[in-house]
Amino acid sequence: MQQGLLPLFPLPLVLFPRTALRLHIFEDRYKELIGEVLSGRSEFGVVLAKEKSIASTGCTAVVEKVLERYPDGRLDILTAGRRRFEILLLNDEKSYLRASVEFFDDDEPAAELPAEVRKRALDVYQALRALDDSAPEAELLDPQPSFQFSQTIEDLEFRQRLLHLRSESERLRELVEFCGGYLPRQRLITALKRVQPLNGHSSSRFPDRA
């Protein structure tokens, strides 16, 4: 368990270890949070914000670069996920939430990951990247490639489940199974986006903007 309290940043997203996250900081309480993180070169916790609560499992982030500072104190920053944690106790003494947390990692050694499972998951990620030109290449030497392979999936419930699992082979199997239904839906959505601007109009007047 971390000595002291971890600052928390609830967001409508799930951050994975060793994946990038750009943030625009505009609320006063989070300007204060990031200011303290920058001065102390410390981590803060990103947790999924629900309707009336927050998830109990999150991932810490570190600020890799301040992209822009605005005159009114707003910030654009680039962060990266680092390590997972479970919230033990919340503290609201400051303007932003803090928590006593316990960090955790996988229960099984990464070396035990079957090559066939990794290959199937990599194929799935290549299919996901084909639908999203902005998707980064996966770090194939990452000891937990499931987080790299799942970074383009938008389903928050699925992402939160992966974050919580403590087995890399189980996460990869879950990814492959989930994408059996997810990929066809995403292909259909992508196709609809491409043809929607042309629906009922000539292509010369309404070009494809997808």
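Throughout, read-outs are computed from the coordinates displayed, never taken from laboratory work. These figures come from a predicted structure and were not determined experimentally. Note that each Cβ is placed from the backbone with ideal geometry, even for glycine, and that neighbours are counted across all protein chains shown.
Can you confirm whether residue 162 is within 22 Å of residue 12 (Cα to Cα), buried (at least 17 other Cβ atoms within 10 Å of the Cβ) and of a type in the set (A, V, I, L, M, F, W, C)?
Taking the combined requirement at face value, the residue satisfies it.
Could we say that residue 83 is over 19 Å from the mean Cα position of the chain (by Cα) and among the basic types (Lys, Arg) here?
For residue 83, the condition - over 19 Å from the mean Cα position of the chain (by Cα) and among the basic types (Lys, Arg) - is not met.
Please specify each residue of the range 136-172 satisfying the condition of being of a type in the set (A, V, I, L, M, F, W, C), over 16 Å from residue 57 (Cα atoms) and without any contact (Cβ under 8 Å) to a residue 40 or more places away in the chain.
Scanning the range 136-172 gives 138, 140, 141, 149, 153.
Look through 97, 113 and report the one residue that is in contact with a helix residue (DSSP H, G or I) (Cβ under 6 Å, 6 or more places away or on another chain), more than 30 Å from residue 189 (Cβ to Cβ) and crowded, with 18+ Cβ neighbours inside 10 Å.
113
Enumerate the helices (runs of 4 or more DSSP H) found wholly within the range 113-203, keeping only those where 1 or more residues are within 21 Å of residue 46 (Cα to Cα).
It comes to 145-149, 156-164, 168-195.
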